[in-house]
1. Apply the Debye scattering formula to region 252-350, with a single equal point scatterer on each alpha-carbon and no solvent, then give log10 I(q)/I(0) at q = 0.23 Å⁻¹.
2. With r as the distance between the Cβ atoms of residue 203 and residue 496 and R0 = 22 Å, compute the FRET efficiency 1/(1 + (r/R0)^6) and round to 0.05.
3. Can you compute the FRET efficiency between residue 219 and residue 271 using 1/(1 + (r/R0)^6), with r the Cβ-Cβ distance and R0 = 22 Å? Round to the nearest 0.05.
4. Extension gain residue 290-residue 72, at 0.36 nm per residue separation less the Cα-Cα distance, in nm?
5. In Å, what Rg and Dmax follow from the Cα atoms of the chain?
6. Quick one: length gained pulling residue 1 to residue 185 fully straight, 0.36 nm per residue minus the C-alpha distance?
7. State the percent of C-alpha pairs, over all pairs in region 1-126, separated by a distance greater than 21 angstrom.
8. Calculate the spin-label point distance for residue 94 paired with residue 379, positioning each point 7 Å from the Cα along the beta-carbon direction, and give it in nanometres.
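Throughout, read-outs are computed from the coordinates displayed, never taken from laboratory work. None of the values given here were measured: they were computed from a predicted structure. No Cβ is skipped: glycine too gets one built from the backbone with ideal geometry, and neighbour counts run over all protein chains shown.
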Ligand code: ADP
Ligand code: ZN
């Protein structure tokens, strides 16, 4: 099947073991990184076992891509979803009941729709494949309530093998998948999540667009890549800026007309060297092997998301690069988005936990790959020699004194003026810059006025960002007002030191002291 239908010479990694296990009727949980080749794990058993392989997949677009690819390979596959005409649906249902389909793709919510169980019982089921199984995890980054229903498959069809697959499982999510999908008897196949051909780079944001253009033109001129931004507006602005800089860039987000999206996607897939600037909606299920870089100009919301998105680079195994720029504004904005979001307290706490992990990665001074793999449960990994930290080790600086200055300023402005201010005003006070707001509020009378003149705005912003990232400061309310946390008290008392990456303080010279 592998060579005749799909045209490959040999299985990759765990594929063969998974295929044998599922063909023999066993349940399986498969954790493999993006591009690892999960599809073969359920497509081949669907063809070998008698009956139709039912694939539960969260995105309609992704479904259609897979079905189209299977049809090209000569496999009789179909999808059922609500965007289809009644007529088309009838035809798929007929073909299924007649035993003509080798594979049938369904959205999870379909299972709850009236008549679906009856329909499935009219044909013969070879297996259930639950793709993107991490969507069942309430604590994951991509929870979809419909996935919770999939646990019932085991009760309805106890004799049909089930295979759950994901590229984003932390040990915690792995446990949840096993429990919630009732996969207690499953065999677990856990591939290494390492993507050795990908180089990771994370830098602090000064002028994101200029930095991005430098990165693309400097290291990836004429190559295909994906640039992720958080909002539609940022997507459009960034695409325009890249075009103006001579990069062949197209915008992609859910607010664009379908025809424009299709054109962007088609150009990206068919032509060489097209750069897609997109929201995270882009990429799931897009199988382009020679994406040479993935860039993020806004901070991703979780390490899982970051790893999934960066995983779209270099599926062909050739050297590829990922680049992320993040700054103070990202940290403040995301903390505010969490606070003002409509989730309950538990959801907010969970989002905060994801963001903190992402920040720990950014602010960290250890090999990026070691961090990432440990996050996904792989320990004992050696430094990779192929990330920004390994190639250009940052130094840790003792920023305790500037941190104390900043905390004192924050506390004094709060206490003496019974008002609260955002980062910019505190930095003005520290640098002794008499801006209108500062003089108006008589902040120039504070005792910390001008004590931090040695540092540039960028350096102070770097420190604020670091302190927000490590939880010494918090940004409160819709204005992102800075306030010290409990953890800041020992810093003020001189009991705890604050160490941060050199890049931000290196030019400060006088205020910083090298730690290592
Ligand atoms: P995933 O779903 O894990 O992200 P896919 O199933 O889409 O990965 O496979 C990623 C790429 O690897 C696809 O281009 C696929 O055709 C290719 N591929 C999968 N298995 C093999 C194999 N055994 N040999 C060669 N290429 C493979
Ligand atoms: Zn490294």
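1. Those come out to -1.24, one per q.
2. On the way: r = 27 Å, r/R0 = 1.22.
Efficiency for this residue pair is about 0.25.
3. Working: r = 20 Å, r/R0 = 0.91.
After rounding to 0.05, the efficiency reads 0.65.
4. Values: separation 218, 0.36 × 218 = 78.48 nm, distance 2.07 nm.
Gain on extension, residue 290 to residue 72, equals 76.4 nm.
5. 25.8, 84
6. Working: separation 184, 0.36 × 184 = 66.24 nm, distance 2.70 nm.
So the extension gain works out to 63.5 nm.
7. Details: 3088 of 7875 pairs.
Percent of Cα pairs beyond 21 Å in region 1-126: 39.
8. If labels sit at residue 379 and residue 94, their model points lie 5.9 nm apart.
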